[in-house]
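Q: Below is one structure. I have some questions about it.
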Amino acid sequence: MSLCIETLCIRNRQIHNLSAHTARFNRTRLALWNCPEPASLETAIHLPDWFQINETYKCRVTYGPDIEKIEFEEYRIRPVQSLTLVDCGDLDYRFKYANRQPINDLFAQRGTADDVLMVRDGLLTDTSYANVALFDGNRWFTPARPLLEGTQRARLLSEGILSPANIKITDLANFQSIKLVNTMLNWEQTAIIPASAVSW
């Protein structure tokens, strides 16, 4: 069985949303490897001394029943200004698998766009590396059935910033803009993509 990963954001030498990542980590261990005993990410992750206070870093935890490795790297936002709709068929990505080849294959279909916006059963889901939020001029919505239920998406839903909805391709005309949502992106500072920048 493929190993899984947990990606955590570290800003100002603080691990963000650690409890949500730990909960998903242990849910995955239970579901895939029948490991009922919770493990702690907090005690496993030791921040390197070379981390700078004002920088953002990505922590990647690769695991199966146990943690296999923990890696750190400086984070730089990858600009996304355009998206291409791609049907992902019956792709199952409920768990954050380390093997991303099926998603990489879909990403390769982006053409001249910066990323893909995947569609399953006629409904919008995610981009290749983020959940999405769509603004109708009044409220922000997020697909109710994403490929992966991200921790940042869950936080924004719990705070009432996002509302879940089944969003069809034809519904795109009802939205003005799109934001990408993942653990590494600061919601308030994330760039807005015009809905018109989505192509088929």
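The values are calculated or read from the model by the stated rules, or taken from the named source; none is laboratory data. In this text, all values refer to a predicted model and were calculated from it rather than measured experimentally. Note that each Cβ is placed from the backbone with ideal geometry, even for glycine, and that neighbours are counted across all protein chains shown. Ligands, DNA and RNA are excluded from the accessible area calculation, which covers all protein heavy atoms including side chains. Shrake-Rupley method; radii C 1.70, N 1.55, O 1.52, S 1.80 Å.
Q: May I ask you to list the residues in segment 6-60 that are acidic (Asp, Glu) and either touching a residue at least 60 places away in the same chain (Cβ under 8 Å) or touching a helix residue (DSSP H, G or I) at 6+ places or on another chain (Cβ under 7 Å) (or both)?
A: Listed by number, the residues that qualify are 6, 42.
Yes/no matrix, rows are residues, columns are (1) in a loop (DSSP other than H, G, I, E, B); (2) under 25 Å from residue 21 (Cβ atoms); (3) open to solvent by 70 Å² or more (accessible area, probe 1.4 Å); (4) touching a helix residue (DSSP H, G or I) at 6+ places or on another chain (Cβ under 9 Å):
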residue: 148; (1), (2), (3), (4): yes, yes, no, no
residue: 153; (1), (2), (3), (4): no, yes, no, no
residue: 157; (1), (2), (3), (4): no, yes, no, no
residue: 164; (1), (2), (3), (4): no, yes, yes, yes
residue: 173; (1), (2), (3), (4): no, no, yes, yes
residue: 180; (1), (2), (3), (4): no, yes, no, no
residue: 184; (1), (2), (3), (4): yes, yes, no, yes
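Q: Take the residues in segment 39-55 that are more than 19 Å from residue 19 (Cα to Cα) and surrounded by 11 or more Cβ atoms within 10 Å (Cβ to Cβ), then tell me which one is nearest to the chain's Cα centre (by Cα).
A: The qualifying residue nearest to the chain's Cα centre (by Cα) is 55.
Q: Now, a different point. Output the number of the condition that residue 79 fails; it satisfies all remaining conditions of (1) under 21 Å from the mean Cα position of the chain (by Cα); (2) of a type outside the set (Lys, Arg); (3) farther than 22 Å from residue 153 by Cα; (4) surrounded by fewer than 17 Cβ atoms within 10 Å (Cβ to Cβ).
A: (3)
Q: Condition first: loosely packed, with under 14 Cβ neighbours inside 10 Å and within 15 Å of the chain's Cα centre (by Cα). Now tell me which residues in segment 82-97 satisfy that.
A: 92, 94
Q: Which of the residues that make up segment 130-146 are touching a residue at least 24 places away in the same chain (Cβ under 8 Å), under 27 Å from residue 105 (Cα atoms) and in contact with a helix residue (DSSP H, G or I) (Cβ under 8 Å, 6 or more places away or on another chain)?
A: 131, 133, 134, 142
Q: Continuing with the same structure: Could you list all residues from segment 100-134 that are within 15 Å of the chain's Cα centre (by Cα) and open to solvent by 20 Å² or more (accessible area, probe 1.4 Å)?
A: Correct list: 100, 104, 107, 129.
Q: Next up: Just give me the residues in segment 7-44 being β-branched (Val, Ile, Thr) and more than 13 Å from residue 184 (Cα to Cα), in sequence order.
A: Once the filter is applied, which keeps residues that are β-branched (Val, Ile, Thr) and more than 13 Å from residue 184 (Cα to Cα), segment 7-44 yields 22, 28, 43.
Q: Filter segment 68-87 down to the residues that are more than 23 Å from residue 169 (Cα to Cα) and assigned to a strand (DSSP E or B) and list them by number.
A: Scanning segment 68-87 gives 68, 69, 70, 71, 72, 73, 74.
Q: Among the numbered criteria (1) in a helix (DSSP H, G or I); (2) surrounded by fewer than 16 Cβ atoms within 10 Å (Cβ to Cβ), which single criterion is violated by residue 65?
A: (1)
Q: Here are some residues: 30, 18, 8. Which one is open to solvent by 50 Å² or more (accessible area, probe 1.4 Å) and either closer than 14 Å to residue 68 by Cα or among the hydrophobic types (A, V, I, L, M, F, W, C) (or both)?
A: From the options 30, 18, 8, the qualifying one is 30.
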